[in-house]
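The values are calculated or read from the model by the stated rules, or taken from the named source; none is laboratory data. Everything quoted here is computed from the prediction, not taken from an experiment. All Cβ positions, even for glycine, are placed from backbone atoms using ideal geometry, and neighbour counts span all protein chains on display.
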Amino acid sequence: MERNSEQLALLPNQFQYDSSKTREENLEAFAKAIVANQTFDLCTWEDAVACMYLTDNYVLYNRITLCTMGSTLTKADHDHLLGCMKREIMARGIYNKKEDYKKRKEYISLFSYMELRKELKEYKFEKHERPDFELSYGTKTIGIEITSFTTQSEEIGGKIFRYSGDDVTKMQKYASKEHRTFAANCRFVTLGGPAIQYPVENITNAYCSFRDQLIEKIHKYCDEEINHYDEFIILCDATTQAFIGERSDVEDILHAIPELSGNYNNKVVRKVIVLYTVNSRGKIELYECSFDAPQH
């Protein structure tokens, strides 16, 4: 790869192009700068756009960063940079920090939703715990609680990946020790990186699991906790879920939930919103419905 400062000159001030190094070495240095300068201190959509790279699902970490990539990076440079970032993430043990990892996923879900609802880009947002985010614009406020639809196998697989890094042997050893039954039914392979192949779960069981996760979120909050909001949203992220690729799949999951019956006499507008990736187009869309106040 040739040495060329023109494209890297578009990169942020935190990184300085070094003409004495190869292009690969400069990209590796930039990857380290991105990971080292990560932040969650954001409060507006403009902040997020200015300091995040929002268009690639390959690496979680580059969504929450003080740096932004130059728009003219070649695909080869882009892929090399992401690979360097993954190695730096693993070296720093980022995936071992469960709360940090969880927070990143919540931000990604929020921004995926905000990209689909253009009017929300005028809102300021704050990170909380109950609910996960509070959005405000003038006197209007929106509370957002985020959940991800995951199967039991995916939850266990994610834990194994976080705690064993990028080494397939370590993954298999950790899984055999901590999740023996799960490990016995899986294959640990290298597919451009470490990966876990596990049997496909029964779709009926998966839908029941997703339904239970949503009902738990609906019943998590009493009226007193959300009555000061104008709108309260339970945002369900199913964008990486292979079982959900069409609107009808979402409807099949939601149809048997009593709280979505349609008897809405609430002060606060309450919504369940499911983000999913359309199989035929690879585009994220949302499904929206209202839910009633649960009985406590």
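Things to note:
- Residues that are within 23 Å of the chain's Cα centre (by Cα) number at least 3 in the following helices (runs of 4 or more DSSP H) confined to segment 139-249: 152-164, 203-218.
- Some residue of segment 196-217 being at pLDDT 75 or above, of a type in the set (Lys, Arg) and more than 22 Å from LYS102 (Cα to Cα): no
- When the criteria are applied in full, GLY262 fails the requirement of being touching a strand residue (DSSP E or B) at 6+ places or on another chain (Cβ under 8 Å) and either at pLDDT 85 or above or within 14 Å of LEU286 (Cα to Cα) (or both).
- Of all residues in segment 146-189, those satisfying the criterion of being farther than 30 Å from ILE234 by Cα, at pLDDT 75 or above and of a type in the set (S, T, N, Q) are THR169, GLN172, SER176, THR181, ASN185.
- Evaluation of ARG87 against (1) more than 19 Å from the chain's Cα centre (by Cα); (2) at pLDDT below 70; (3) among the basic types (Lys, Arg) (one fails), failing number: (2)
- Of all residues making up segment 112-141, the number that are among the β-branched types (Val, Ile, Thr) and either touching a Pro at 6+ places or on another chain (Cβ under 7 Å) or farther than 14 Å from GLU225 by Cβ (or both): 1
- The one condition in (1) of a type in the set (S, T, N, Q); (2) modelled with pLDDT under 75; (3) surrounded by 13 or more Cβ atoms within 10 Å (Cβ to Cβ) that THR44 fails to fulfil: (2)
- Hey, CYS236 in the same structural domain as ASP132 (by TED's automatic domain parsing), modelled with pLDDT under 85 and not β-branched (Val, Ile, Thr) or not: no
- Put simply, of SER112, SER153, SER136, SER148 the only residue that is within 19 Å of VAL269 (Cβ to Cβ) and among the polar types (S, T, N, Q) is SER136.
- Residues of segment 215-241 that are of a type outside the set (Val, Ile, Thr) and touching a strand residue (DSSP E or B) at 6+ places or on another chain (Cβ under 6 Å): LYS217, TYR229, ASP230, GLU231, PHE232, LEU235, CYS236, ASP237, ALA238.
- Matching entry among ALA293, ALA242 (being more than 27 Å from LYS140 (Cβ to Cβ) and either in the same structural domain as LYS220 (by TED's automatic domain parsing) or modelled with pLDDT under 80 (or both)): ALA242
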